[in-house]
Amino acid sequence: MNVDDPILSWPFDRATALTPPVEHAALRREGCPMAKVSLWSGEDAWLATSHADVQAVLGDPGFSSDPHKPGVLPSPSEAALTFWKVKGTFDKTDPPEHDHERRMVQTEFLVKRVRSYRPFLERVTDDLLDAIEAAEQPVDLVTMLGDVVPALITCEMMGLPPADAGFLRASLATFMSQASTPEQSAAAMTALIDYFDAVVADRERTERDDLASRLVHAQLVPGHLSREGTRRMLLDLLIGGLDTTSSMIALGTVLLLENPDQAALLDADPALWPGAVEELLRYLTIAQFIGSRSATADIDVNGTPIAAGDGVFASLLAANWDPKVFPDPEVLDVTRAPGKHVAFGYGVHQCLGQALARLELDVVLSKLFARFPSMRLVTPPDDLRFNRTTIHTALEVLVDVHGSHR
Ligand code: HEM
């Protein structure tokens, strides 16, 4: 990179809580979809903002996800950064190691297996909506619904007691929170590590019918995976599924409440829900700081030469608002033809849990809107608070499900 060129500081702020930074569209308009930026670490990197360039970067095996390589920054949070740099599982490694480890848990997340969790998810959601209906209004959708469903389904899949869901949520929240001191974050991570160490030891003693047990007996016991790697993989699956799905539930609700015409379409035709989930994923693209890569060789990205060792950030959020692929991207359209968004990433690291996330969002949001047609937002979108991590994590979303709160 030419260090004399003017360099934009990245990340940019979102224009609003629900919409991307204006800089993305400006860069594309100015014919600069691959822009030079300066990262929060002070390092320079490239920022890809067009759908074509984002796919080109994420789909090219010449770009590495290894956080030890120059320019790869998985998280703006110091605590998370330290954690990731210690030793990543497959989300932070490259093929062939990545593919080998991903295959160890892949069958657990296949669409067919994930579908078998629908009755569980429906039951859990109904119970939570009962509690929300009976509670004094307004209620916080994050703590009463968004955070709870992903934690409970994780417990169900891994064979953990549902009573542990609260501990897992609270520990992860402390670890991730920008309000936590480094000591608090470290203590929360230690508690999670100890917890999963105990789970692994328990499954070694007693074989059960759950994901944790299958991982231990198919991988750890025959020596394909270390004890640390086994615990680490369980922990990474917990981390991958919680804040992401929680924030999508909370912000998806906000977005639909802000677009009552679209909520009315869903009310009239519930068969539109799966497509609506895709559109909410595209519009919000909560995985805002995921897509950091390092060039392992000199690579041409649609005409832009990237030198070996350069960092590239492929912005999923920018790609999902590229008007060449999504006409009028700022319009929420639950009938939009789905299929091309990159909210779950692209290439070898594409989200392993996407079928589960889709199912959770479909079940929870469709039930929430069917049950409370008069629900109204109490926190205006501009007043929402967020944790600025790799995920656009909503911390509190107040709604009145009876529509009566003043
Ligand atoms: C709406 C919810 C979710 C969103 C938006 C989301 C988004 C993403 C994105 C963008 C990536 C790509 C990372 C990269 O390219 O570096 C990813 C990877 C991953 N996600 Fe998700 N995710 C969600 C839910 C889940 C769930 C429910 C789980 C598991 C329980 C999960 C587990 C993973 C794992 C393990 C990876 C790493 C895959 C690999 O590197 O091969 N995610 N996710």
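Taking every Cα-Cα distance in the range 309-368 and sorting them into 10 Å bins from zero, the calculated P(r) comes out as 18, 41, 34, 6, 1 percent. Put a dot 7 Å past the Cα of Arg115, heading toward its Cβ, do the same for Arg103, and the two dots end up 2.6 nm apart.
In a reduced charge model with +1 at each Lys and Arg Cβ and -1 at each Asp and Glu Cβ, the chain shows a dipole moment near 660 debye about its Cα centre.
Taking the number of Cβ atoms within 10 Å of each Cβ as an exposure proxy, the fewest-first ranking of Ser374, Ser38, Ser246 is Ser374, Ser38, Ser246.
Evaluating 6.51 cos²θ - 1.76 cosθ + 1.60 at θ = phi - 60° for every residue in the range 25-31, the Karplus couplings come out as 5, 4, 4, 5, 4, 7, x Hz, glycine and proline recorded as x. Averaging the Cα positions of each part gives two centres, and for the range 168-212 and the range 271-339 these lie 31 Å apart. Here the residues Glu278, Glu156, Glu30, Glu360, ranked from fewest to most Cβ neighbours within 10 Å of their Cβ, fall in the order Glu30, Glu156, Glu278, Glu360. Quick one: Debye curve from the alpha-carbon atoms of the range 83-206 only, equal weights, vacuum; give me log10 I(q)/I(0) at q = 0.15, 0.16, 0.21 Å⁻¹ to two decimals. Log10 of I(q)/I(0), two decimals: -0.97, -1.08, -1.37.
Using only Cα atoms, what is the ratio of the radius of gyration of the range 8-400 to 2.2 N^0.38 Å?
In units of the 2.2 N^0.38 Å rule of thumb, it is 0.96.
Size descriptors for the range 229-351, from the alpha-carbon set: Rg then Dmax equal 17.2, 53 Å.
Remark: for residue pairs Lys112/Lys367; Lys69/Lys324; Lys112/Lys324; Lys36/Lys69; Lys36/Lys92; Lys69/Lys340, the C-alpha separation exceeds 26 Å in Lys69/Lys324; Lys112/Lys324; Lys69/Lys340. Rounded to 0.05, the FRET efficiency of the Ala198 and Gln350 pair, given R0 = 30 Å and the Cβ-Cβ distance, is 0.40. In the chain, taking the dipole from charged Cβ atoms about the Cα centre, the farthest positive-side position among Gln55, Ile239, Thr93 is held by Thr93. When all alpha carbon pairs of the range 133-194 are counted in 10 Å bins from zero, the resulting P(r) reads 21, 42, 31, 7 %.
Read-outs: derived from the displayed coordinates by stated rules, not from any lab. Keep in mind it's a predicted model, so treat the numbers as computed, not measured. Every residue, glycine as well, gets a Cβ built from its backbone with ideal geometry; the counts of neighbours run over all protein chains shown.
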